[in-house]
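Values quoted throughout were computed directly from the atomic coordinates according to the rules given, and no laboratory measurement underlies them. Owing to the predicted nature of the structure, the values given are computational and were not obtained by experimental measurement. As a convention, Cβ positions derive from the backbone with ideal geometry for all residues, glycine included, and neighbour counts pool all protein chains shown.
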Amino acid sequence: MRLFVRYLSILFRSQMQYRTSFWLLSLGQFFIPLSVFAGLYFLFERFGQLQGWTFFEVALCFAVIHMAFSLSECFARGFDSFSTLVASGDFDRLLVRPRSTVLQVLGSKFEFTRIGRLLQSVIVLVWACANLAVDWSLLKLMTLLLMVLSGVFIFTGIFILAATMCFWTIQGLEVASIFTDGGREMAQYPLHIYEGWVRRFFTFIIPFGCVNYLPLLFILDRTEGRDLLYAISPLAGILFIIPCLLIWRFGVRHYRSTGS
Amino acid sequence: MMRSYGSLFRLRFNNGLQYRTAALAGVATQFFWGMILIMVYRAFYAMADGASMPMSLPQIVTYIWLQQAFLTFIMLWHRDNELFQLITTGNIAYELCRPTDLYTFWYAKLLAQRLSSALLRCSPILIFAWFLPSPYELSPPPDLSALILFVVSLLLGLLVLVSISMFIYISVFYTMSPVGSLLMFNVVGEFLAGMVIPVPLMPDWLQRIVVVLPFRWTADFPFRVFSGHIGYHEALSGIMVQLVWLICLILLGKLAMRRALTRVVVQGG
């Protein structure tokens, strides 16, 4: 853990050397989800509601997913750009160090400009919460926090899976963006508006449903009994990281250096 | 003279066709995106009175599939760092030595890249989308004239788009760092082109802004011609507007390029 913080501070200082570029990029990152959010707002303005969901309920969902996405893009960027590490053979160096590979790859890169994206989603979150008639309890706040955390773990898990593929393919795979970018796009609406196969896939295989649907029901008081189960459902999303890490370890054992 | 641009175009075009695996991955991603978007719109339309909406659901579905299929025709920036690097590393000096007009040279290059990657991607998506069950299927254009008008307006739209994107490259002569300003320009431009939501679904005040800008002519206009949402006569006059925009943008672009080149400082190294 101490090592992780060290990595963080070193990379933060190095990115801060290019201050203008950092702020411009952060600003750009602020506007990307803003345009998506504007689209969502205009759609609600025209249609009024989305299968029984109001604008602010969906906005809450949007904010949670985008917060999770920006956090995991910031901290798990190392896995996202892992293909360069494999292709250049630099991964060999990580293997000989007496620390876990996961930690070192995580520490190889952070993308702090995602703060812009995070800020945008925090604003949406606050706006949504201020307009929703929810009587907040401690448990609900905890659930909200867990939702974000769970989302971070799911996105990170997908990044790790995509990185693991690089052990075999050497290059990065664009297909992975179906589950990262596509997953984000999908999960910004409540899962229940989608078709059965999408719902099943994103509940049991990649558990986005544990972030953007089940706990949301609890927060909005739409559950019928067994509240606690709904409240802690984001924990299932966190578990998603375990098989990902196992597959990663399997991949590391099969790693053959490119030798360059 | 024309021949050198032609051969550059061919070279780039063939080069782009080599990246088939990447294209396949792109197709899969776009296909998934299309499905997700359609489900979202379906959910929106499920409870709404479809007749009161400016576009019907099948028209939206068609719009989305065309958007996915011709994505490289409508994205303002198409993953081309090569030209940026030319400028920032100073290798632009070699380009300037060539006995060709830099604007036309780059224009041909960018056009070829977009065409080749769209050719690889569009047919699998369109064919797949064609055979999907209702309500996901791509509906064919109402008649042959709509199809012809669509092809014409799509190609003109592509030319307009490339001439808009030329301004991004020219701006790098001044800023030297493409990322920040580029990102903002992209986000706004693509929104105004109807990439996030179709233009007819936008509120009226925004539509009034959209119609006076060139962005919507690249994507929104051809797609709605295809689905018959824009009628025959309106389409013809629209194509005229596209032509006028194209001429203005190219003239302005050439002017801006010449201005930029008179003050260009070649970066050493």
If every Lys and Arg gets +1 and every Asp and Glu gets -1 at its Cβ, then about the Cα centre the stretch B:41-191 yields a dipole, in debye to the nearest 20, of 200
Scattering profile of the stretch B:76-221 from the Debye formula, Cα beads only, expressed as log10 I(q)/I(0) at q = 0.10 Å⁻¹, is -0.46
Rounded to the nearest whole number, the Stokes-Einstein translational diffusion coefficient of the stretch B:2-261 at 20 °C and 1.002 mPa s (Kirkwood radius, C-alpha pairs) in µm²/s is 110
In degrees, nearest 10, the alpha-carbon axis of helix B:144-175 is tilted away from the dominant principal axis of the alpha carbons of chain B by 40
Among B:PRO58, B:THR89, B:PHE215, the residue whose Cα sits farthest towards the positive end of the charge dipole of chain B (+1 at Cβ of Lys and Arg, -1 at Cβ of Asp and Glu, taken about the Cα centre) is B:THR89
So the pair-distance distribution of the protein assembly as shown, from every Cα-Cα distance in 10 Å bins, comes to percents of 3, 16, 26, 27, 18, 8, 1, 0
In debye to the nearest 20, the charge dipole size for the protein assembly as shown, taken about the Cα centre with +1 at each Lys and Arg Cβ and -1 at each Asp and Glu Cβ, equals 1740
Expressed as a whole number, the average count of other chain Cβ atoms within 10 Å around the Cβ atoms of A:33-45 is 4
Partner aspartates and glutamates whose C-alpha sits under 12 Å from that of B:LYS254, ignoring same-chain residues fewer than 8 away, are B:ASP101
Listed by chain and number, the aspartates and glutamates with an alpha carbon less than 18 angstrom from that of A:LYS140, same-chain partners under 8 positions apart left out, are A:GLU57, A:ASP221, A:GLU224, A:ASP227
GNM on chain A, Cα springs under 10 Å; top mean-square fluctuation among A:MET186, A:MET67, A:MET142 goes to A:MET142
Toy charge model, Lys and Arg Cβ at +1, Asp and Glu Cβ at -1: chain A dipole around Cα centroid in debye, rounded to 20, equals 1000
Between the Cα axis of helix A:2-15 and the main Cα principal axis of chain A, the angle (0 to 90°, nearest 10) is 90
Ordering A:195-208, B:61-74, A:98-111 by per-residue average of other C-beta atoms within 10 angstrom, highest first, gives B:61-74, A:98-111, A:195-208
Taking only the alpha carbons of chain A, the radius of gyration and the largest Cα-Cα distance, Dmax, both in angstrom, are 19.3, 60
